[in-house]
Structures are given as structure tokens and as C-alpha cells.
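The values are calculated or read from the model by the stated rules, or taken from the named source; none is laboratory data. Since the model is a prediction, treat every value here as computed from it, not as a measurement. Methodologically, a virtual Cβ is constructed for each residue, glycine included, from the backbone with ideal geometry; neighbour enumeration extends over all protein chains shown.
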Amino acid sequence: MVTAAPLLDHWREIYLAVTRHNGAEADAGRRLLGWAREAGFPEIEYSTSNWTFATPGNRGLWAEQWAQRTTSSAFAHQAVEYGIATAAELEQVAAGWRSWGALPDAVFIVVSGEILARG
């Protein structure tokens, strides 16, 4: 059986490396407040929203979507092209997503940082 947690940790490492290689910041939500202050906005409201995947249906859907993205998307092609991961590693990570999606107590939460800036 595939152990999901270490493979999902590895997915995150790959994901962050690919986004950084592309000049993007995957964790931008945690930096929004500082960026808005640096830009000189005098009025800033920060809030968050989240998506929670904890039921068998939405957990399975999320797991399968990420398993497919991990092996068959621009992200996958870039991870291999940039030398960040091999195709075999990505297949293992995809198996980790599927294994995680089958766990009855698995929970995945996506938190989004949001700002409203005026001035």
C-alpha cells in the first residue's frame, strides 16, 4: 500500500519548486498584507476563505484531479523539464493522492488569503 502523507509532502515540494521556477508564489495569500503595505495602501482589510475536502465524494474528486494534474498537465511537464522531478516520481505522487483520497479520515483544506485595499 502507498503511504500518502510523505508523497503529498513531496508533491508540495515539487509544486512550490515549479511555481518558483516560473516566477510565481504559490503561497501568495500569506504575503498579500505585506505587499499591500509596501505598495502604500493606507486602508487594507485582510480576510480568508477556505475549501474543505473531507467527505468521500469531494475528497475522491480532489484526489483524482490532483493525481491527474501530477502526471498529465503543464505542471507535470514543467516538473520534468526543469529537472525537479522524474516522471516516475510524479507517478508515485499521483498514487499518493489516490491513496489519500481513499482514507476515511482524510481532510484537505485550502486556505485563501484575500485583501481589499483602498487609497
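Summary of values
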item	result
Residues (more than 23 Å from residue 48 (Cα to Cα) and either β-branched (Val, Ile, Thr) or modelled with pLDDT under 95 (or both)) located in the range 12-29	14, 18
Boolean, residue 64 is surrounded by fewer than 14 Cβ atoms within 10 Å (Cβ to Cβ) and out of contact with any His (no Cβ under 7 Å at 6 or more places or on another chain)	no
Pair list, Cβ < 8 Å and 6+ apart or interchain, from the range 12-29 residues that are within 16 Å of residue 69 (Cβ to Cβ) to residues that are among the aromatic types (Phe, Trp, Tyr)	15/75; 17/82; 18/75; 18/82; 26/15
Cβ pairs under 7 Å, 6+ apart, first in the range 91-108 and closer than 15 Å to residue 75 by Cβ and at pLDDT below 90, second charged (D, E, K, R) and crowded, with 18+ Cβ neighbours inside 10 Å	none
Positions within the range 28-79 being closer than 19 Å to residue 91 by Cβ, among the polar types (S, T, N, Q) and in a helix (DSSP H, G or I), in sequence order	65, 68, 70, 71, 78
Matching residues in the range 104-119 - criterion: being in a loop (DSSP other than H, G, I, E, B) and under 19 Å from the mean Cα position of the chain (by Cα)	106, 107
Residue check, residue 46 within 30 Å of residue 116 (Cβ to Cβ), touching a residue at least 60 places away in the same chain (Cβ under 8 Å) and more than 14 Å from the chain's Cα centre (by Cα)	yes
When residues of the range 28-44 are limited to those that are charged (D, E, K, R) and out of contact with any Asp or Glu (no Cβ under 9 Å at 6 or more places or on another chain), the one surrounded by the most Cβ atoms within 10 Å (Cβ to Cβ)	37
Boolean, residue 69 is within 15 Å of the chain's Cα centre (by Cα) and among the basic types (Lys, Arg)	yes
